[in-house]
1. Residue by residue through the range 431-441, what is 3J(HN,Hα) from phi via Karplus (6.51 cos²θ - 1.76 cosθ + 1.60, θ = phi - 60°)? Round to whole Hz and write x for glycine and proline.
2. List the relative contact order of the chain as a percent without decimals, with contacts defined as Cα pairs under 8 Å and 6+ residues apart.
3. Quick one: which of 393-400, 106-113 comes out on top by average Cβ neighbours within 10 Å, and what's the full order, highest first?
4. Taking the Cα-to-Cβ direction at SER499 and at THR362 and moving 7 Å from each Cα, how far apart do the two end points lie in nm?
5. Net charge near GLN370, counting Lys/Arg +1 and Asp/Glu -1 over other residues with Cβ under 11 Å of its Cβ?
6. Relative contact order for the range 140-235 using alpha-carbon pairs under 8 Å, separation at least 6, rounded to a whole percent?
7. Can you tell which of GLN173, LEU549, PRO234 lies farthest toward the positive end of the dipole of the chain, using +1 and -1 charges on the Cβ of basic and acidic side chains (Lys, Arg; Asp, Glu)?
8. Sum up the charges of everything whose Cβ sits under 9 Å from the Cβ of ALA429, counting Lys and Arg as +1 and Asp and Glu as -1, but leave ALA429 out.
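The values are calculated or read from the model by the stated rules, or taken from the named source; none is laboratory data. Model, not experiment: these values are computed from the prediction. Here Cβ is always computed from backbone atoms with ideal geometry, including for glycine, and neighbour counts include all displayed protein chains. Heads up: the accessible areas ignore ligands, DNA and RNA and are worked out on the full protein's heavy atoms, side chains in. Shrake-Rupley method; radii C 1.70, N 1.55, O 1.52, S 1.80 Å.
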Amino acid sequence: MARLGIHRDFLEDLIDLERPVQRKVLSAIRKFEQATHASIHLEKLANVRDDRLKSIRIDRSVRGIVLAPESGDHFTLMKVLPHDDAYAWAARRQLSVNAASGHIEIRDSVAIETATEELAKATTVPVPERLFSHVPDEDLIRLGIDEQVRTFARLLTDIAPLEAIKGYLPGTQYDALYGLAAGLSVQELIRELDFRADGETIDPDDIARAVERTPSRITFVEGPEELMDLFEKPFALWRVYLHPTQRQVAYGSYSGPAQVTGGPGTGKTVVAVHRARHLAAQGGRVLLTTFTSTLAESLRDSLRLLESDAEVLERIDVRHVDSIAARIVRDRHGPYAILRDAEEQHQWRRVIRRRGVQYNETFLAEEWRQVVLAQDLRSLDNYLAARRRGRGRRLGPLQRTQIWHVISEFERELGDRGARTYETVCADATRILSEQSDKPYDHVIVDEAQDLHPVRWRLLRALVPPGRNDLFIVGDTHQRIYDNRVSLQVVGVHVAGRSTRLKISYRTTSEILKWSRGVLAGEEIQDLDGGTDSLRGFRSDMHGPTPELVGTATKTDELRTLTAKVRTWLNAGVEPGEIGVAARSGPLAQEAARALEQAGIPARHLSRNQGLVEDRVPTMTMHRMKGLEFRCVAVIGAGEHQLPDPRSVRSVEDDELTHAHDLQRELCTLYVACTRAREVLHISWHGDPSPFLSDLASARR
Ligand SMILES: Nc1ncnc2c1ncn2[C@@H]1O[C@H](COP(=O)(O)OP(=O)(O)OP(=O)(O)O)[C@@H](O)[C@H]1O
């Protein structure tokens, strides 16, 4: 039986075909796969540069292009297109084996030749002043840049002609040149592009072996069932084609906790889900967890897309952190009540009145959460000696003693009422776990790690015995939208030497990323290890329109503008469920849903636990956008009085640092909402624009 590889481009083409044609593709491939002499189904192509490319008939008007090496029965489905397009595509293409990575690569030789000739005519800049004049030939060769591409690269004086022929160049060679132009060193690129071929000597003529070495572009199917499964979900490419770095981190083995960081849409969640499957398939008990129940639900959906084996799935527990804590505490102590925000404030006020202290409930609640609970301080002496990281107002020993007594009284009252907060549930669960030697999991995988409070980290640490592949942590501190800052080292999680950054966004266009990064420009973002995080090297290879910013006089006008925009998207063929509308506040998001409905556009406000539906435009808070993505996103209410949300920014008088953190969190929330857009981003406000936007506008001037 033929060994069948499916190229990523093939599945991308398949999505664009009509359903009946898609079915014909499947049946043609099945016949081909099951034939004893598969090659009899293949037709030789005339006028091709590479005669290893053959065609296969799908129906009267559609052809598949197959890579068929001279010998053996390894076949790869490369493209599926209307008859003439398929032939034209094949005529210009040439296959080769990348000398550095050993991967199979494909190029449009004709386009590269033409571009080289044109550039040679246009380039007047002397050789020493050109873009890659500082890079010797041997370095380009080490990066797998072959002669044809080198000739082109040597003519470049800026990056634009390179970007213009991106689609025609072998992908890895483009990435290497782009990386060099962006200032990465040869060493950095070698690491990043996974040029390791496991020490194997690379034979440029061994196409079959090169195909096997290219799992980021070509996947092999084992039989009809796998083929069906692949063809039924061609949109979920991440299931089978991972970037080499993604694959390396998801399937690696680590001597202790490992961390994956990266900007929005770089596939961190994808990596987390692959990792969960990988560890469970090896027999481990796995916890795949995150911050909220909605995010856990979407992790569950992704996992089900990736894995159907019930035995493997059974070994993976997908739950948000608080629900694990709740289960452990309930099992030991029985049911308990959770203290809601308003009740907590009342309780603080009561204690303040009784004790007659001058601190208000906001300050004390913060001090309790960010210092006492965060550092697990259990005595006055510990509190007196503690470093109050993240707190701005200085406190002397007398003040600390006074505050400690207030906090102790607050905690006592909590205990007397049999009530808990989410944080104390986690702390109690950690204590229960620390008393037992048997831990519930072998591996814990954490998504959206940036939003977890230290008490939750201690719980996660306690859920799994320290050792190989114990914790796998995925997050992006630029997307921190809750009030939690942590240094992993302080909570006993050491990732040094086991941290990887993903750099390519698979979601968002370069234009949307650039604009959104502007939102955070100049902000110092604290990473999970006590240092500063950076977005260096983070990029997207996709392009689209620049985000549109629109201000109106009144809210009614703004909602009218929104309705018109959404209608334009729908008229252009975007499905209602592919559009997302985000506001900082719930009530404005609700109003937007009503305005859309009144204009005859099916819409629905998405509250916390509701899922998306295909036939309605969802409106939601910016926080609810986390974990989602849409072709088109409208961010509304980006006005002076809505963003930052005045109720969420504590006063500078209460605590200067808390105030600064609140402002940064609001910026990050806007950043998260904007980076949910895959193709188009529209931002609007009424009245004066948010200071966040005016800053952007003045920075651009
Ligand atoms: N290797 C891949 N091939 C194709 N698509 C991919 C790949 N990796 C990720 N994606 C797609 O990119 C999008 C973003 O992926 P994912 O949600 O995992 O990113 P993320 O880094 O967790 O994003 P964020 O931090 O913004 O939540 C998804 O649509 C996902 O399917």
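1. Ordered by residue, 3J(HN,Hα) equals 4, 4, 5, 5, 7, 10, 7, 7, 9, x, 10 Hz.
2. On the way: 1192 pairs, mean separation 77.0, N = 701.
Once divided by the residue count of the chain, the mean separation gives 11 percent.
3. Numbers: 393-400: 12.0, 106-113: 18.5.
Packing proxy ranking, top to bottom: 106-113, 393-400.
4. It is 3.2 nm.
5. Details: positive: ARG369, ARG388, ARG389, ARG391, ARG485; negative: GLU366, GLU367, GLU423, ASP483, ASP655.
For residues surrounding GLN370, the net value is 0.
6. Working: 30 pairs, mean separation 19.1, N = 96.
Computed over the range 140-235, the figure is 20 percent.
7. Sorting the options by dipole projection puts first LEU549.
8. Details: positive: ARG327, ARG332, ARG431; negative: ASP428.
That sum, taken over residues with Cβ under 9 Å, equals +2.
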